[in-house]
Amino acid sequence: MNYSRSLAAVTFASALSVGSIGYAADLVRVASSQKGFWDQTLILFGDEAGIFDKHDIDLEILWTSGGSEAQQAVISGSMDISVGTGVLGVISAWDKGAPLEIISASMTGSSDLYWYVRADSEIQSMADTAGATVSFSRPGSSTNLVAAKLVAAAGTDAELTPTGGPAGTMTQVMSGQIDVGWSAIPIGLDREASGDIRVIATGNDAPNVQNQTVRVQIVNRGFLEENRDVVERFLAAYKETLDWAYSGDEALQKWAEMNDLTMEEARSARDRGYTREAVSLYPLNGMELNVQEAVENDRLDEPLSAEELEAMMAMAAELHGAGG
């Protein structure tokens, strides 16, 4: 028996084994809400394109029924990261000591959101909503923030009412349970085209919201402390996904097929609701205003101090610097 050859084979096999272990992908459990929305679904498209694999990230995606559910999954530790959570709920949870950190912006402005009525409704604009019910998804969500701003700007006594996701909201509007529904592009635009509904406001009609970060990405603090390099690679992969999605049509084709749209319809919807700038990961814009509105919407008892606000945004600043 040739012992030197045998030893060499064992050594080579061991090296392969160690190398395989060294390059094993790290599992990241991600909560994302509203599958089908462009910004909420890009993570799936990027994963299917192999972008996260390139960064040694193995994704496990949980689709939730809203940002608040995704946020709670991160707080509980059942998921590691949420990619699109309403900023009011995040500010409130952070202030109460929840184990989460903001790691990036997710959506700045609200060009993706819109509010609508049945075609036979007497309501023509938010100014006509006195005594009416105006929907948002869940407390603390971006739709909560924007709906409150729209109603306040209109100066009416409309009742803000949580109605869950777009499909359930549409049912409530069409059955007369809710006067004004909410949705996000492209969900429901077919009903607008067929004349069943009329859009009466878009998210960016709300004062100052166009330059205000309304959704953020958050991470479980314990996961971050133990896996800082994994979080950094996740963000690098996510940014690469964004660049890829806006530089060609592969992601757009996937989105069109998911939502039963033509490529022309998909491109128009994306350009109308989700500009590349709107989905940039950094900076966090308008956070002082977000804190103020968290107080006004009973998400905070009192404003954060300047030091607290800086501390809440510190991790995102560390992870991104001046990039994004």
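Bear in mind these aren't lab numbers, they're just calculated from the coordinates by the rules spelled out. The model shown is predicted, which means the values in this text are computed figures rather than measured ones. Note that each Cβ is placed from the backbone with ideal geometry, even for glycine, and that neighbours are counted across all protein chains shown.
Taking other residues whose beta carbon is less than 15 angstrom from the beta carbon of SER82, and scoring Lys, Arg as +1 and Asp, Glu as -1, yields 0. Classify the range 113-210 from the C-alpha gyration tensor, please: rounded if a/c falls under 1.5, else prolate or oblate depending on whether a/b exceeds b/c. In terms of gyration-tensor shape, rounded. Label point of VAL295 set 7 angstrom out along Cα-Cβ; within the range 128-170, amide nitrogens under 20 Å from it belong to 140-141, 145-146, 148-150, 152-153. Using the Cβ of ASP56 as centre and a radius below 11 Å, the other residues enclosed give a net charge of -2, where K and R count +1 and D and E count -1. If R0 is 25 Å, the Cβ-Cβ spacing of ARG276 and ALA127 corresponds to a FRET efficiency of close to 0.15. Candidate membrane-span-like segments in the chain, meaning DSSP H helices with Cα atoms spread over at least 27 Å of their own axis and a Kyte-Doolittle mean of -1.0 or above, are 3-22, 228-247, with no membrane implied. Computed per residue of the chain from DSSP H runs no shorter than four, each worth -39500 (n - 2.57), the mean residue ellipticity at 222 nm is -14000 deg cm²/dmol. Would you list, by chain and number, the aspartates and glutamates whose Cα falls below 13 Å from the Cα of LYS54, excluding same-chain residues fewer than 8 positions away? Straight-distance partners of LYS54: ASP26, GLU240. Computed from these coordinates, which is P(r) over Cα pairs in 20 Å bins from 0, in percent: (i) 31, 53, 12, 4, 0; (ii) 33, 59, 8, 0; (iii) 29, 47, 21, 3? Label of the calculated value: (i).
Using only Cα atoms, locate the centre of the range 102-125 and the centre of the range 233-277, then give the distance between them in Å, rounded to an integer. Computed from Cα coordinates, the inter-centre distance equals 19 Å. Among all the lysines, which ones have a C-alpha under 16 Å from LYS254's C-alpha, if same-chain residues fewer than 8 places away are not counted? Filter leaves LYS35.
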